[in-house]
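J.: Take a look at this one; I'll ask things after.
The values are calculated or read from the model by the stated rules, or taken from the named source; none is laboratory data. Values in this document were obtained by computation on a predicted structure and should not be read as measured data. No Cβ is skipped: glycine too gets one built from the backbone with ideal geometry, and neighbour counts run over all protein chains shown. When the accessible area is computed, the model is the full protein with side chains, heavy atoms only, and any ligands, DNA or RNA have been set aside. Shrake-Rupley method; radii C 1.70, N 1.55, O 1.52, S 1.80 Å.
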Amino acid sequence: MRVYEFAKLLSVSNKELIAELATNGFEVKSHMAALSPEAIDFLNKKVTEKKNLESAQKQVPSKDEKAALHTQSRVDKPQATKIETPQPAPKEAPALRPQAPRVFTEQKVATRITEEPMSSIEVVAVPMTVGQLAEKIKKPASELIITLLRQGIVCAKNQLLTEKMIESIGRQFGFSVVAPKAEKRDVQQRVSVATQGEHLRKPIVVIIGHVDHGKTTLLDFIRKTRVASREKGGITQHLGAYEAETPQGGLIFLDTPGHEAFKNIRGRGLNIADIAVLVVAADDSVMPQTVEALKTAQAAQVPIIVAVNKIDKADKTRLEVVKRDLTRYDLVPEEWGGQTVIVPISGKTGQGVDQLLELIVLQSQIMDLRSQEDRTAQGFVLESKQEKGRGPVATVICRDGTLHVGDYFLAGTLVGKVTSLVNSYGHQLKKVGPSVPVQVGGFTELPQAGDVFKAISEAEYKKVRDGRSTGVQPVLAKKVFSGEGINFIVKTDSTLTQEALITSLEKVSEKMDEKFQIIAAGVGNITESDIEFASDTRSQIIALHVKVEPSAALAAQKTKVSIRLYDIIYKLLEDVEAQLQKAAPIKMVAKKIGEAVVRKVFDIKNVGVIAGSYVKEGRFVRDARVTVWRGKKKVAEGPIRGLERDRKSVKEVHAGFEFAFLVDGFNEWEVDDRVECFIDIPDNK
């Protein structure tokens, strides 16, 4: 067991339990540390002492009761008998009431409990904490926690219980659970919000890691949906935000793509999240995007929990390999003396997933994430896109406050009015609280991913709206970067995808000899106006995750505009790179093909000086280039002009034959000059 698990059983804080263990010679690093068998034996003894203490406190009378009993005995008994009621020996009291260890000093144990039949207790089925329910049924909170633990539900004293959980506990203990009246419940909830102000909010958990290490498959298992199967090519290419209800509580997951092209998207997800789960495949271990993701998480100071995935199909020794590799990046496992929790899981079979969720919930409880639901909504734009029938929409997560349909909002420099709220399950909502991702309708333009989103008053909305330009926005964005070569127009389904694609294309351009330029970029399906623009600028259209409108397809056939549609970003990048390589001028390199020695020199009037030579190796060909060496000194170089053997013009002469030739611009031949012959061939690298 880990420290936090035993702390829950004892209903004490992690800090208190760690201090108690340290006092008794058991050194533990954190609440996540695994307890040794000796430490568990020690704590079991403490549990026994605690039970004895509670039992003794129920049986031993208080000081006032002792005095009352003593007085009563003196009044009731005749003095003549001189028989006194035996009094409890003061020295024996400690045996009945052993000194409680320091770890339990804050526990409030009733000195005298009047048992009430469970069947006579009625509890209204409204959400309440474990501690509140324990008080209602007059049972220790630890007893409820242990009961829930037996059902596979791990919770703390302040954990909120649902109506179903209360009904389940009622069946276990025998008390009655009654349904609340709707009006009474609503009033009670409003009073609770008004009095408490701040509420615990759901933690936002970002899933990070290398491509194809099973991030979406893990999330798919948690959500019990087929997220991974809907992704083209089996990879995630958007920043998905999903709600998940688990036995451990509600969680919000951000699923980030692992491909290198989406580095900025992963960084944005980490800046929004409370906790990061780094998924590492057991069969691959640490890969390039794993390193990039964990370094980004460390820079953002987000707590990291490592999930070693695919443990079901990997050799058992692979877990130790992953742990060793992680230590190179300051992620030292707790069992090796570090602070990093590493959980072996299988996103496919579900092995270890419950333990992972439990640790996520525990981490969030330690962080004490709170928000105020009754204040103005504030959050961030995750991504935006054009949606048919709704226009520009954006995925938004509010970190504070409640957003309602009809609220005015400001997102970056854009303003609008919320016309619709759709959650990750596709349900229409009238309002949404903190941490819950929703798709917001009501934008007139696409906001930028990462923009601050907040609700504003109608007066603020009109002020910002009237201060903005009312001109029509162009379908395509301004030129992104320029150069010589091929012209591209980029169309994508969202601003996040556009950002990732353009960044990747810039990297391709840097390493290629043939340059290209993106003359425009836009979000949404390819339209007829896109085709006209491409025709005017002699551009190609490359598109990711979008379709071609019928009118645009007809226009493209007439104007012969090239349109290439893609579902996977790396396929698009590979094709662009291949096209640039094909269009690039062929590089030529000189290759030596032969060597000869001059045996006789002829000066022919009106022709020039001819070198009579003998081919020692290789061959000499017409129109090749030669380099002339005299000893170790290079004396000339130039193209061959005329090549003869036996006074006949030939195309080439091979080793072992004599021949004669001229070189443009060189007439100072001498016998025994060494001549090397070169031709130009394509550089295949």
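J.: Normalising by the residue count of region 306-393, find the relative contact order in percent from Cα pairs under 8 Å and 6+ residues apart.
T.: After rounding, I find 23 percent.
J.: Quick one: grab the alpha carbon gyration tensor of region 417-460, order the square roots of its eigenvalues as a ≥ b ≥ c, and give me rounded if a/c is under 1.5, else prolate or oblate depending on whether a/b is larger than b/c.
T.: prolate
J.: What FRET efficiency do you get for Lys430 and Phe666 if R0 is 60 Å and r is their Cβ-Cβ distance, rounded to the nearest 0.05?
T.: It comes out at approximately 0.05.
J.: Sticking with this structure for a sec: Assuming a ≥ b ≥ c are the square roots of the Cα gyration tensor eigenvalues, decide whether region 341-392 counts as rounded (a/c under 1.5), prolate (otherwise, with a/b larger than b/c) or oblate.
T.: Oblate shape, in that a/c is at least 1.5 and b/c is the bigger or equal ratio.
J.: Now for a different question. Determine the per residue accessible area of region 274-386 with all protein chains present and a 1.4 angstrom probe, expressed in square angstrom.
T.: Here the residues of region 274-386 average 43 Å² of exposed surface.
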